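The values are calculated or read from the model by the stated rules, or taken from the named source; none is laboratory data. Not measured: the values here are computed from a predicted model. Using ideal geometry, Cβ is built from the backbone for each residue, glycine included, and neighbour counts are taken over all protein chains shown. The protein model used for the area step is the full one, side chains on, heavy atoms only, and it has no ligands, DNA or RNA in it. Shrake-Rupley method; radii C 1.70, N 1.55, O 1.52, S 1.80 Å.
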Amino acid sequence: MKTTKTSRIKGLALAVALGAATLAGCTTTVPAASTNASAVSTQHMAIDSQVDASLLKLYNQVPGSRELIARSKGVLVFPGVIKGSFIVGAEYGRGALRVDSKTAGYFSTTAASLGLQAGGQSKDVFYVFTNTESLNQFLSSTGWTAGVDGNVAVANLGLNGTIDTNTLTQPVVAFVLTNVGLEAGVSVQGAKINRLP
């Protein structure tokens with residue numbers, strides 16, 4: 001009698017456990033496409049947040065940059081581009097293109113350099129498209145390279161502490177910000193930019 005009661009309790013417990021496992025499997029199984037879309041959406045939100053922070057830093061550190069970007073046709077922002085090097089240097093970053101203050105696409109940037117340089121650093125890189133033609137050329141490319149597919153002028157500050165006026169007439173103007181401010185004499189030539197999913 002006692003054995004039968006114990007067997008029933010064990011059987012009932014097993015049935016409850018199997019039922020719970022089956023229900024858990026049904027409620028937590030998510031199609032792979034849905035999972036991938038969710039991961040991409042999370043990455044995009046993170047990039048947008050970093051882009052906002054980088055733009056604010058640019059506006060605070062470079063007088064006249066807010067007005068330049070407000071007049072521009074678009075700005076491509078790469079926050080926290082990582083550069084690591086030891087003989088052969090490599091850079092990588094992800095960012096977003098803003099047109100009329102709205103995100104118009106997500107992109108990656110890569111670059112390589114040779115030389116006896118060790119260490120790593122992070123920087124924010126901005127490409128400001130000052131006219132419609134330069135923006136359309138960028139958007140129609142399947143892989144855009146700075147200095148090859150479009151001439152890029154690196155912004156410098158004039159004696160009065162604002163952006164050099166010669167720079168403002170160029171179709172694409174680049175800003176490179178490090179932790180200490182606007183980097184002068186830097187080159188973005190050869191940086192390869194590709195669209196992200």
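With θ set to phi - 60° and the Karplus curve 6.51 cos²θ - 1.76 cosθ + 1.60, what are the ³J(HN,Hα) couplings of the range 43-54 in order, to the nearest whole Hz, using x for Gly and Pro?
4, 5, 5, 5, 4, 4, 5, 5, 4, 4, 5, 5
Which ³J(HN,Hα) values in Hz, rounded to whole numbers, follow from the phi angles of the range 167-176 under the Karplus curve 6.51 cos²θ - 1.76 cosθ + 1.60, where θ = phi - 60° and Gly and Pro get x?
In residue order, the calculated couplings are 5, 5, 8, 7, x, 10, 10, 10, 10, 10 Hz.
Sort Lys73, Lys123, Lys102 by heavy-atom solvent-accessible area, probe 1.4 angstrom, most to least.
Lys102, Lys73, Lys123
Whole-Hz ³J(HN,Hα) for each residue in the range 185-192, computed from phi via Karplus 6.51 cos²θ - 1.76 cosθ + 1.60 with θ = phi - 60°, x for glycine and proline: what do you get?
x, 8, 10, 10, 4, x, 5, 9
Between Ser38 and Ala70, what FRET efficiency follows from the Cβ-Cβ distance if R0 is 41 Å, with the result rounded to 0.05?
0.75
For a quick check: with amide H placed at 1.01 Å from N, whose amide H comes under 5 Å from Ala96's, ignoring anything fewer than 5 positions away on the same chain?
Val77, Phe107
Pull out the extension gain between Ala104 and Val148, defined as 0.36 nm times the separation in residues minus the alpha carbon to alpha carbon distance; nm, one decimal.
13.6 nm
Order the following by accessible area, largest value first: Ser54, Ser122. Probe radius 1.4 Å; ligands, DNA and RNA are ignored.
Largest accessible area first, the residues go Ser122, Ser54.
Starting from the residue with the highest accessible area, list Tyr59, Tyr92 in decreasing order, probe 1.4 Å.
In descending accessible area the options line up as Tyr92, Tyr59.
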